[in-house]
Amino acid sequence: MTTVTVWNEYRHEQESEVVADVYPDGIHAVITDALESRGFETQTATLDEPEHGLTNDVLDDTDVLTWWGHAAHDEVEDEIVERVHQRVLDGMGLLVLHSGHYSKIFKTLMGTTCSLKWREAAETERLWVVEPSHPIADGIDEYIEVPEAEMYGERFDIPAPETLVFNSWFEGGEVFRSGCCYTRGNGRVFYFRPGHETYPVYHQDDIQQVLANAVEWAAPGDESTPEFGNADPIEAIDMTDERSVH
């Protein structure tokens, strides 16, 4: 069974009554319940736990990590970022959600600022499925409509996705690349835009379905692990050359 660790900054829910009304037990609780109901084994981790809840033991037991952060990106310790980074390179899947685009781990993996335009106006968002054959879009109609959303607009300063699954249109006129797939090392990374803390986006069934699909897609498979470093020849060759400076 695929094991998912649902990571959440978990600050807004404890500091804002508006957010607590939408996510009384935290955004991570809603995501966890959604994934558990779809057959995944889950555990949670939050910013204020020791090592942000992302100990070596936790990550060793994690097939896919989901990441939601917003107001305290800078408080995530670099040592933990590097730990997560290495696990992704080794094959762990990573789902970066909404404002996690500014997280240290996503910026590290992308190598760019990951900056964008934004506006909070509770406007309608339509996430259009632009790759309907992709497994992350399985069971999703032509588009997902989010009645109240925070706008994210282009330019989104990220590398071109290997696959773009969703493209958003907002009521105010902007568009945004909202479902972006990447490979980093042996790991798969999916950025999924919806999920502002004051709107009940993660309660939507179709949003939950995308998260479940993305976990399936990002989970490590049976792919062979490449070998690096000094290599013995496959065929017989003369190995007497001594000019190496390594």
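The values are calculated or read from the model by the stated rules, or taken from the named source; none is laboratory data. Note that the structure is predicted; figures quoted are calculated from it, not measured. In this analysis, Cβ positions are derived from the backbone assuming ideal geometry, glycine residues included, and neighbour counts consider all displayed protein chains. These accessible areas exclude ligands, DNA and RNA; they are computed on the full protein's heavy atoms, side chains included. Shrake-Rupley method; radii C 1.70, N 1.55, O 1.52, S 1.80 Å.
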Problem set entry | Leading residue at positive end of dipole, the chain (Cβ point charges), from PHE176, ALA231, PRO135 | PHE176
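Once the convex hull of the C-alpha atoms of the stretch 1-125 is built, how many Å³ does it hold per residue, rounded to a whole number? Provide the component values of the computation, followed by the final result.
On the way: hull volume 15.6 nm³, N = 125.
Each residue corresponds to 125 Å³ of Cα convex hull volume.
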For this session: Give the Debye-formula value of log10 I(q)/I(0) at each listed q (0.11, 0.14, 0.18 Å⁻¹), with one equal scatterer per alpha carbon of the stretch 117-237, two decimals each.
Result: -0.44, -0.63, -0.94
Exercise. Taking the stretch 104-210, which GluC sites (Glu not before Pro) meet the DSSP loop condition and have no more than 16 other C-beta atoms within 10 Å?
Worked result: GLU142, GLU154, GLU162, GLU171
For this session: Identify which of GLY100, GLY26, GLY221 has the largest mean-square fluctuation in a Gaussian network model of the chain, with springs joining Cα atoms closer than 10 Å.
Result: GLY221
Exercise. Calculated from the structure, Kirkwood radius over Cα pairs in Å equals which of (1) 17.9; (2) 19.0; (3) 20.4?
Worked result: (2)
For this session: Would you mind telling me the share, in percent, of accessible area of the chain contributed by carbon and sulfur at probe 1.4 angstrom?
Result: 46
Exercise. If one computes the Cα centroid of the stretch 185-233 and of the stretch 1-29, what distance in Å separates the two points?
Worked result: 20
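Given the peptides 183-191, 51-59, arrange them by the average over their residues of other C-beta atoms within 10 Å, most packed first.
Working: 183-191: 20.3, 51-59: 17.4.
Ranking the peptides 183-191, 51-59 by packing returns 183-191, 51-59.
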Exercise. Rounded to the nearest whole Å², what accessible area per residue is found for the chain with the 1.4 Å probe?
Worked result: 50
For this session: Show that you can apply the helix-only estimate: for the chain, add -39,500 (n - 2.57) for every DSSP H stretch of four or more residues, divide by all residues, and state [θ] at 222 nm to the nearest 500.
Result: -6500 deg cm²/dmol
For this session: Could you tell me what percent of the DSSP beta bridges with both partners in the chain are antiparallel, to the nearest 5?
Result: 55
